[in-house]
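**Student:** One structure follows; several queries about it will come next.
Throughout, read-outs are computed from the coordinates displayed, never taken from laboratory work. Keep in mind that this is a model prediction, so the values were computed, not measured. In this analysis, Cβ positions are derived from the backbone assuming ideal geometry, glycine residues included, and neighbour counts consider all displayed protein chains.
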Ligand SMILES: C[S@@+](CC[C@H](N)C(=O)[O-])C[C@H]1O[C@@H](n2cnc3c(N)ncnc32)[C@H](O)[C@@H]1O
């Protein structure tokens, strides 16, 4: 994090892409070839985010990320980073992913260190290639549940097993969590909570929910249904939600891949039953991590504009924002929420 401008190290290490030997083994190559041939964009997004963590390794310690991302996604993002650097871009590709990961890590750690959520269960919805269970020792007293499509979880388990069977550094493939359970489920369906409970999740126990890079892939009604289910848990036990939300202009970014948005998640979540909500924007003091020091980069310019603006008056471009939101609620704070569950 030595570069003061755009988050890349000053040395030239980022110029060369070094791949772990295991990525070249027949077994792992074959798995990644299948991903490219058979997975849709939803599942492939798991590898894209892992590539971000792998290439921002000077900021994020995720030694399994490159193996889980695969060569194609690593090369694609590496090429973009190189071009950004050569063009002196103010925003380097992947920086949002890096900041987002670090924000979720730090909020999770703080939550688990607080008396109300100590030893809480941790559930990752749309866990993808997330390796927090292997990276974060704050999970040592937590039962961790990773929820995703069965295809994603199977591939993840197979790659991690290949790493365990090889000479890969064994300390990286040992879970630091009290327990780790993978739960194959589609959170658009009605049965995902039942599947989670069957896997061991206890609704009456304090829980931290991690929704990182997932909620905007759902439709408005699917996302609202998931958020309502989580908010309803506040009446049973201390509940913490960590989630990132796109605002409306952001959903236009990628050929309608993104659907759900909320311009005011800090109003929406209390209307559902969460009592404490804190919203941060990329570049805020708690969502910065020394990676966004240029005052003129896109994120810092957006932060200086009112959130109600959908178009930037300086350049006429849409104000695409990613909100990082922490919300919580407890039975003792609970108030009745019979009001409308519509968006603010
Ligand atoms: C952008 S990735 C994020 C993965 C992980 N949270 C991270 O930050 O690295 C989105 C993940 O959500 C999963 N996902 C998307 N829709 C889902 C659904 N309806 N049910 C379960 N998982 C889903 C995808 O398979 C993918 O692994």
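**Student:** Mean separation of Cα pairs under 8 Å and 6+ residues apart, divided by the residue count of the range 28-142: what relative contact order is that in percent?
**Tutor:** 26 percent
**Student:** Which whole-number percentage describes the relative contact order of the range 13-86, with Cα contacts under 8 Å and a sequence gap of 6 or more?
**Tutor:** Relative contact order of the range 13-86: 34 percent.
**Student:** Right, something else. Expressed as a fraction of 2.2 N^0.38 Å, the rule-of-thumb size for a compact globular protein of N residues, what is the C-alpha radius of gyration of the range 13-86?
**Tutor:** Scaled against compact globular proteins, the figure is 1.07.
**Student:** Continuing with this model, one more query. According to a simple spin-label model (label point 7 Å from Cα along Cα-to-Cβ), what is the distance in nm between residue 204 and residue 332?
**Tutor:** 1.8 nm
**Student:** Sticking with this one: Going 7 Å from the Cα of residue 150 along its beta-carbon direction, which residues of the range 176-196 have the amide nitrogen within less than 13 Å of the resulting point?
**Tutor:** 183-186, by backbone N distance to the label point.
**Student:** What is the gain in length, in nm to one decimal, between residue 38 and residue 141 on full extension, counting 0.36 nm per residue of separation less the C-alpha to C-alpha distance?
**Tutor:** 33.4 nm
**Student:** If you build a Gaussian network model of the chain, linking Cα atoms that sit under 10 Å apart, which residue out of 243, 164, 111 swings the most?
**Tutor:** Of the options given, 164 has the highest mean-square fluctuation.
**Student:** Hey, for a label at residue 82 modelled as a point 7 Å past Cα toward Cβ, could you say which residues of the range 38-66 have their backbone N under 16 Å away?
**Tutor:** Backbone N within reach: 55-56.
**Student:** Under the 0.36 nm per residue contour assumption, what length would be gained going from the current alpha-carbon distance of residue 197 and residue 57 to full extension?
**Tutor:** Separation in residues times 0.36 nm, less the Cα-Cα distance, equals 46.9 nm.
**Student:** Then there is this: Fully extended, how many nm does the chain gain between residue 184 and residue 109 (0.36 nm per residue separation, minus their Cα-Cα distance)?
**Tutor:** Taking 0.36 nm per residue and subtracting the Cα distance, the gain is 24.5 nm.
**Student:** Same structure, new question: Using only the alpha-carbon atoms of the range 104-155 as identical scatterers, what base-10 log of I(q)/I(0) does the Debye formula give at q = 0.17, 0.19, 0.24, 0.28 Å⁻¹?
**Tutor:** For the range 104-155 at q = 0.17, 0.19, 0.24, 0.28 Å⁻¹, log10 I(q)/I(0) is -0.52, -0.63, -0.91, -1.13.
**Student:** Just check the range 46-168 against the gyration tensor rule for me: Cα atoms, a ≥ b ≥ c as the square roots of the eigenvalues, rounded for a/c under 1.5, and otherwise prolate or oblate depending on whether a/b exceeds b/c.
**Tutor:** Since a/c reaches 1.5 but b/c is at least a/b, the shape of the range 46-168 is classed as oblate.
**Student:** Highest mean first, what order results for 187-194, 64-71 on Cβ atoms within 10 Å?
**Tutor:** Descending packing order for the listed peptides: 64-71, 187-194.
**Student:** Which FRET efficiency value, to the nearest 0.05, is calculated for residue 284 and residue 118 with the Förster distance at 25 angstrom and r the Cβ-Cβ distance?
**Tutor:** FRET efficiency, residue 284 to residue 118: 0.40.
**Student:** Treating the Cα atoms of the chain as identical point scatterers in vacuum, please give the log10 of the normalised Debye intensity I(q)/I(0) at q = 0.12, 0.14 Å⁻¹, two decimals.
**Tutor:** With one equal scatterer per Cα and no solvent, log10 I(q)/I(0) is -0.89, -1.23.
**Student:** For the pair residue 267 and residue 308, how long in nm is the line joining their label points, each one 7 Å along Cα→Cβ?
**Tutor:** It works out to 0.9 nm between the two label points.
**Student:** If I model a spin label at residue 167 and residue 75 as a point 7 Å from the Cα along the Cα→Cβ vector, what separation in nanometres do I get?
**Tutor:** Reported label-point gap for residue 167 and residue 75 is 2.6 nm.
**Student:** Just to be sure I understand: with springs between alpha-carbon atoms less than 10 Å apart, which residue in 310, 161, 225 has the highest mean-square fluctuation in the Gaussian network model of the chain?
**Tutor:** Residue with maximal mean-square fluctuation among 310, 161, 225: 161.
**Student:** Here's a follow-up. Which residue fluctuates most in the GNM of the chain (Cα springs below 10 Å): 265, 313, 331?
**Tutor:** Answer for the Gaussian network model of the chain: 313.
**Student:** Can you give the relative contact order of the chain as a percent, counting alpha carbon pairs under 8 Å and 6+ residues apart?
**Tutor:** 17 percent
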